[in-house]
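Engineer: Once you've had a glance at the structure underneath, I'll fire off some questions.
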Amino acid sequence: MAKQSAPVEKNETITLTFEDLTHEGNGVGKINGYPLFVANALPGEEATVKVIKANKNFGFGKLLELLKTSPERIEPVCHVHCNGCGLQHMSYNLQLEMKMNQVKNAMKKVAHLEHVPVHPIIGMENPLHYRNKVQIPVGEKNGELITGFYQKRSHRIIENTETCVTHNEVINDVVKTVRNTANRLGIRAYNEEVHKGVLRHIMVRTGQETKDIMVVIVTRTDKLPHQDELIKELTKTYPHIKSIMHNVNSKRTNVILGEKTKLLFGDEYIHDKIGDITFAISAKSFYQINPSQTKMLYEKALEYAQIDSNDTVIDAYCGIGTISLFLAQKAKKVYGVEVVPEAISDAKKNAKLNGITNAEFVVGEAEKIMPWWTAQGLRPDVIVVDPPRKGCDEELLQAMVEMKPKRIVYVSCNPSTLARDLRILEDSGYETKKLQPVDMFPQTGHVECCALIEKA
Ligand code: SAH
């Protein structure tokens, strides 16, 4: 029954015991059944809390003092409040448990599939320094360039936060060198308030296996001042730099990369390897950010797909063809579809690079191409989908059902939209058989999942 009013008032200080976690990792404590969400509190803990918001059915509080601490509490490695990795105060075991619960809850509450087995989450042995790509904004303070993450809910840069514990360490180092060199050369930062200045973002990407480094320098202006000196300094310091790109973003926008990307040094892409397959990755292409966990994820997707040499397979949202090429090693034919043209051009390059001739890639929106393929009579045995956080479009789900594959493997980075889509597939004659969560993003509240769905 809905509560008539909140049992606490704004600015009141109370003592609260925490019993649960939200999927963002905030503590949940209850006052006569009324939940109060408090950042940095763990189940089993007791604390004094100041109420900062009291809605009718739930409220938010700020932790003032811990009276009882959980054995799962650990000292965060990083104390910067960028809100990028909000779970650092939890033991890694608790982080994994929380993500398992997130998946199970979505399956139960959204998909009504509580009977489907969720296998124990695959975690990392060392859950730090895993990120192979960063995009860091550039600003100025007292006339000097600064780089760093934005403070939570603002565009204020937290100065020089290149120590992030989730980044591959060489990335932090390269960002610092680009900033210091640009600073020495007198290159000015972009100022979004007046839409003036030059340097907007520094993007760095590495190949975990190859150690290749790509640097993308994003500017408002068409010209990058002192570009030769900058290239010289960077390539002298880092022999592993295989690509330096200049991206121009002249718009007033929060989107980081602009339309135009120019080559300044080396190739337009770098390489990395997952398992036996080598991938070329260009600046604008999506590539999973945690390579060792990606291998686990793709192996699971392949195991669930149970492909044999007579099978035709579709890989929707294929990016640079990562999953497609894994599948192509076993299947008769693989079709990949992806909306970013640069990614499809990488996918084609990657097929060639690995001597794979049975994969075909198409640029387009998966929700448009899939119905078109259906109309053309394409009837795959297996479909793999790996959509962005918003999940699959209804049109795409409909097209999948019409194609009548014997199996669907759904790779998802958002348990809620996964659960929503699984419910739609269940109602259309498919059954979810099992789920495998994988921790691709330690220290953050995000969780990846692989689901096996079969024709009922
Ligand atoms: N399977 C790939 C990519 C997964 S990420 C991998 O593991 O690397 C999701 C991909 O979907 C991104 O490459 C993104 O560009 C693409 N995408 C987003 N919306 C899309 C749409 N409507 N149709 C096709 N691809 C889309």
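Engineer: Are there any pairs, at least 6 apart or on different chains, whose C-beta atoms fall under 9 Å, with the first in region 282-305 and of a type in the set (Lys, Arg) and the second within 9 Å of the ligand (Cβ to nearest atom), and if so, which?
Structural biologist: Between residues of region 282-305 that are of a type in the set (Lys, Arg) and residues that are within 9 Å of the ligand (Cβ to nearest atom), the close pairs are 284/340; 284/343; 300/411.
Engineer: I would also like to ask the following. Kindly indicate whether residue 54 is under 17 Å from residue 30 (Cα atoms), outside the structural domain of residue 294 (by TED's automatic domain parsing) and touching a residue at least 40 places away in the same chain (Cβ under 8 Å).
Structural biologist: The answer is yes for residue 54.
Engineer: Looking only at residues in region 70-83 that are surrounded by 13 or more Cβ atoms within 10 Å (Cβ to Cβ) and not hydrophobic (A, V, I, L, M, F, W, C), which one is modelled with the lowest pLDDT?
Structural biologist: 83
Engineer: Next up: Quick one: in region 300-324, which of the residues that are in a loop (DSSP other than H, G, I, E, B) and within 14 Å of the ligand (Cβ to nearest atom) is most open to solvent (accessible area, probe 1.4 Å)?
Structural biologist: Within region 300-324, the match that is most open to solvent (accessible area, probe 1.4 Å) is 317.
Engineer: Inside region 283-299, can you point out the residues that are within 10 Å of the ligand (Cβ to nearest atom), under 15 Å from the mean Cα position of the chain (by Cα) and assigned to a helix (DSSP H, G or I)?
Structural biologist: 294, 297
Engineer: Can I ask one more? Looking only at region 197-234, which residues are of a type in the set (Val, Ile, Thr) and open to solvent by less than 40 Å² (accessible area, probe 1.4 Å)?
Structural biologist: Residues satisfying the conditions are 198, 202, 204, 206, 213, 215, 216, 217, 218, 219, 221, 231.
Engineer: Given 351, 331, which one is touching a Gly at 6+ places or on another chain (Cβ under 7 Å) and small (Gly, Ala, Ser)?
Structural biologist: From the options 351, 331, the qualifying one is 351.
Each row is one residue, and each column tells you yes or no for (1) away from the ligand (no atom under 14 Å from the Cβ); (2) of a type in the set (Ser, Thr, Tyr); (3) touching a residue at least 60 places away in the same chain (Cβ under 8 Å).
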{"position": "356", "(1), (2), (3)": "yes, no, no"}
{"position": "364", "(1), (2), (3)": "no, no, no"}
{"position": "371", "(1), (2), (3)": "no, no, no"}
{"position": "377", "(1), (2), (3)": "yes, no, no"}
{"position": "380", "(1), (2), (3)": "yes, no, yes"}
{"position": "399", "(1), (2), (3)": "no, no, no"}
{"position": "423", "(1), (2), (3)": "yes, no, yes"}
{"position": "441", "(1), (2), (3)": "no, no, yes"}
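Engineer: Ok, one more. Of the conditions (1) within 12 Å of the ligand (Cβ to nearest atom); (2) aliphatic (A, V, I, L, M); (3) in a strand (DSSP E or B); (4) assigned by TED's automatic domain parsing to the domain that holds residue 451, residue 327 fails just one. Which one is it?
Structural biologist: If we test residue 327 against (1) within 12 Å of the ligand (Cβ to nearest atom); (2) aliphatic (A, V, I, L, M); (3) in a strand (DSSP E or B); (4) assigned by TED's automatic domain parsing to the domain that holds residue 451, just (3) comes out false.
The values are calculated or read from the model by the stated rules, or taken from the named source; none is laboratory data. Note that this is a predicted model, so its numbers are computed, not measured. Please note: Cβ atoms are built from the backbone with ideal geometry, for glycine as well, and neighbour counts cover all protein chains shown. Accessible surface is based on the protein model in full, side chains and every heavy atom, while ligands, DNA and RNA are left aside. Shrake-Rupley method; radii C 1.70, N 1.55, O 1.52, S 1.80 Å.
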